1. Eight or more residues apart or on different chains, and alpha-carbon atoms under 15 Å: count the Lys pairs in region 124-195 matching that.
2. Amide H of ASP3: which non-local residues (sequence gap of 5 or more, or other chain) have their own amide H closer than 5 Å, using H built in the peptide plane?
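FYI, it's all coordinate maths here, none of it is from the lab. What you are looking at is a predicted structure, and each value in this text was computed from that prediction instead of being measured.
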Amino acid sequence: VTDIRMPVMDGMSLIKSMHLYYPRVRKIITSGYADFEYARSAMHYDVDEYLLKPIASEELKRVLTRIKTLIDHERSAFKENMKGSPNPGGNPEEIVQLVQSFMRANFQQDLSMEQIARSFNFNASYLSKIFTKYAEEPPSKYLTSLRINEAKYLLTHHPNLTIKEVGERVGYPDQFYFSRIFKQVTGCTPKEFQK
């Protein structure tokens, strides 16, 4: 639970860091009315709730109860899926959600389907197959989308960063390769997008 305006680190920076490094942590933003638009822009970092101050105790209780239920469900699914037996007894859709969370947390790194599968104790081809079925896109396309969306955010909100620095921050250490992928996805180069 975070406010928007805080000393040392503001709420937006905290939410973004949690999204990148601890994606399974549930997030709630509280703020005054004046910060509503600012807080709403954080929603693409998987914020679960936005609470307007002053917060009624019943409203807070309702939100925390809902999130506790979600966490309990996730823990049960995680324990089941970590048994590592890719068979119909598991829940493939929940496995895919866990893999998506893992990719959101690690997209800055050099990821391959083999590495991801190893982390979840699954066969790479099996994992790729169920990911494509339930996410309706291949894992590679999902990873590219994560990286390019973050690149667009950095290019928009951190114009002081060079194109190379942006590429490195989103998992593309080769600037020319980054620019080529960015143009394939968006139709323009990172420099053109920045303008």
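1. Eligible lysine pairs with Cα atoms under 15 Å apart amount to 11.
2. Amide H neighbours of ASP3: THR30.
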